[in-house]
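These notes concern the structure reproduced below.
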Number of protein chains: 2
Amino acid sequence: MDSRAEGEALMTLSREWSAKVATAPVDDWIDVWAEDAVMMPPGLPPVRGRAAIREYVETAAKLPGFQIRWEPESVCVSQSGDLAYMIERNATTVTDSQGNPVTTFGKVVTVWRKEADGSWRNVVDMWNEGPVPLSRGRP
Amino acid sequence: MDSRAEGEALMTLSREWSAKVATAPVDDWIDVWAEDAVMMPPGLPPVRGRAAIREYVETAAKLPGFQIRWEPESVCVSQSGDLAYMIERNATTVTDSQGNPVTTFGKVVTVWRKEADGSWRNVVDMWNEGPVPLSRGRP
């Protein structure tokens, strides 16, 4: 197992996932979460399982002007190559009642598990507010 | 490597850590964070490294009536036994300006690394608000 290569694959997967969420239908990217993934949104109880996560993201997508994107900062892969975590940043935009876009920046920790078929899936997806803008690109 | 035993050791470590933080001086429990740990408090940039974390926890401890405790909910250990994560809950109490204790409940994700000496150290410590009280004990 080449930790560095696995880590780079995960960073690429995260970037591609963010790009897909911005442009593609939910069916194209919902499976990046494992069937038993846990999402931990601020202010809510844990959202457990892919079906509940799908409901959560579909509801969020209906918010006026909703956009989310993120980028990975660092990755660490276990020696056995079956578990990894990343520190990431995100930016979420919604339109306020005056029609102005409002962007909130967040810090993110994601945990990843390698499945029997060799694919990495997200098993924990957690974020909170952090006054650190993304380093690149729009919001 | 016995994943179940390692997981149980981590759950016990987390419970003992919470008890120590409540009662013992900072020198007795600061080393549970790895030298290069990253703490991710809501609303702040990442707190990087044990020295900065120490400053953060010492400042928090001076808040009027400050108390924190937590309990682990679940644990997952990599096959190689060098990396693990836990989902936990916490409860933080401070005294408000009227002298009343105010408790905030949080969801927690912690990531752990096994060091060369065989000890587990916390490398990521992240939480956000979650309206789910601790299931046991005070407050």
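The values are calculated or read from the model by the stated rules, or taken from the named source; none is laboratory data. Remember, it's a predicted structure, so these values are computed and weren't measured experimentally. Virtual Cβ from ideal backbone geometry, glycine too; neighbours counted across all protein chains shown.
Take the conditions among the small types (Gly, Ala, Ser) and free of Cβ contacts under 8 Å to residues at least 12 places away in the same chain and apply them to A:Ala24. Does it pass?
The answer is yes for A:Ala24.
Take B:Ala22 and decide whether it is farther than 18 Å from A:Met40 by Cα, of a type in the set (A, V, I, L, M, F, W, C) and in contact with a helix residue (DSSP H, G or I) (Cβ under 7 Å, 6 or more places away or on another chain).
Taking the combined requirement at face value, the residue does not satisfy it.
Hey, among the residues in the range A:34-52 that are hydrophobic (A, V, I, L, M, F, W, C) and without any contact (Cβ under 8 Å) to a residue 40 or more places away in the chain, which one's nearest to B:Glu129 (Cα to Cα)?
Result: A:Leu44.
Give me a count of the residues in the range B:10-22 that are farther than 16 Å from B:Arg54 by Cα and polar (S, T, N, Q).
Count: 2.
In the range B:8-46, how many are under 19 Å from B:Val77 (Cβ atoms), surrounded by 13 or more Cβ atoms within 10 Å (Cβ to Cβ) and of a type in the set (S, T, N, Q)?
Selection size over the range B:8-46: 1.
Can you tell me which residue among B:Glu16, B:Glu58, B:Glu8 is farther than 23 Å from A:Met126 by Cα, more than 15 Å from the chain's Cα centre (by Cα) and not in a loop (DSSP other than H, G, I, E, B)?
Values: B:Glu16 fails: more than 15 Å from the chain's Cα centre (by Cα); B:Glu58 fails: more than 15 Å from the chain's Cα centre (by Cα).
Result: B:Glu8 is the single residue among B:Glu16, B:Glu58, B:Glu8 that is farther than 23 Å from A:Met126 by Cα, more than 15 Å from the chain's Cα centre (by Cα) and not in a loop (DSSP other than H, G, I, E, B).
Out of all the residues in the range A:1-39, which are among the aliphatic types (A, V, I, L, M) and under 15 Å from A:Tyr85 (Cα atoms)?
Residues satisfying the conditions are A:Ala5, A:Ala9, A:Leu10, A:Met11, A:Leu13, A:Val32, A:Ala34, A:Ala37, A:Val38, A:Met39.
A:Val57: under 30 Å from B:Asp36 (Cβ atoms) and surrounded by 12 or more Cβ atoms within 10 Å (Cβ to Cβ), yes or no?
On the way: under 30 Å from B:Asp36 (Cβ atoms): no; surrounded by 12 or more Cβ atoms within 10 Å (Cβ to Cβ): yes.
In short, no.
For the range A:82-108, how many residues are of a type in the set (A, V, I, L, M, F, W, C) and within 14 Å of another protein chain (Cβ to nearest Cβ)?
Counting residues in the range A:82-108 that are of a type in the set (A, V, I, L, M, F, W, C) and within 14 Å of another protein chain (Cβ to nearest Cβ) gives 6.
Go through the range A:63-81 residue by residue and tally those that are of a type outside the set (Val, Ile, Thr), surrounded by 20 or more Cβ atoms within 10 Å (Cβ to Cβ) and either at the interface with chain B (Cβ under 10 Å from one of its Cβ atoms) or closer than 22 Å to B:Asp36 by Cα (or both).
Total satisfying the criteria: 2.
Of the conditions (1) more than 14 Å from every other protein chain (Cβ to nearest Cβ); (2) within 19 Å of A:Thr110 (Cα to Cα); (3) charged (D, E, K, R), B:Arg54 fails just one. Which one is it?
Answer for B:Arg54: the failing condition is (2).
Only residues that are among the small types (Gly, Ala, Ser), without any contact (Cβ under 8 Å) to a residue 40 or more places away in the chain and not in a strand (DSSP E or B): list them for the range A:61-92, please. It would help to see each step written out before you state the result.
Initial filter on the range A:61-92 (among the small types (Gly, Ala, Ser)): A:61, A:65, A:74, A:78, A:80-81, A:84, A:91.
From the residues that got through so far, the ones that are without any contact (Cβ under 8 Å) to a residue 40 or more places away in the chain too are A:61, A:65, A:74, A:78.
The answer is A:Ala61, A:Gly65, A:Ser78.
Condition check ((1) part of a loop (DSSP other than H, G, I, E, B); (2) within 30 Å of B:Asp2 (Cβ to Cβ); (3) at pLDDT 95 or above) across all residues:
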site: B:Val94; (1), (2), (3): no, no, yes
site: B:Gln98; (1), (2), (3): yes, no, yes
site: B:Arg113; (1), (2), (3): no, yes, yes
site: B:Arg121; (1), (2), (3): no, yes, yes
site: B:Val124; (1), (2), (3): no, yes, yes
site: B:Asn128; (1), (2), (3): no, no, yes
site: B:Leu134; (1), (2), (3): yes, yes, no
site: B:Gly137; (1), (2), (3): yes, yes, no
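Before we move on, is B:Asp96 under 15 Å from B:Val124 (Cα atoms) and not polar (S, T, N, Q)?
no
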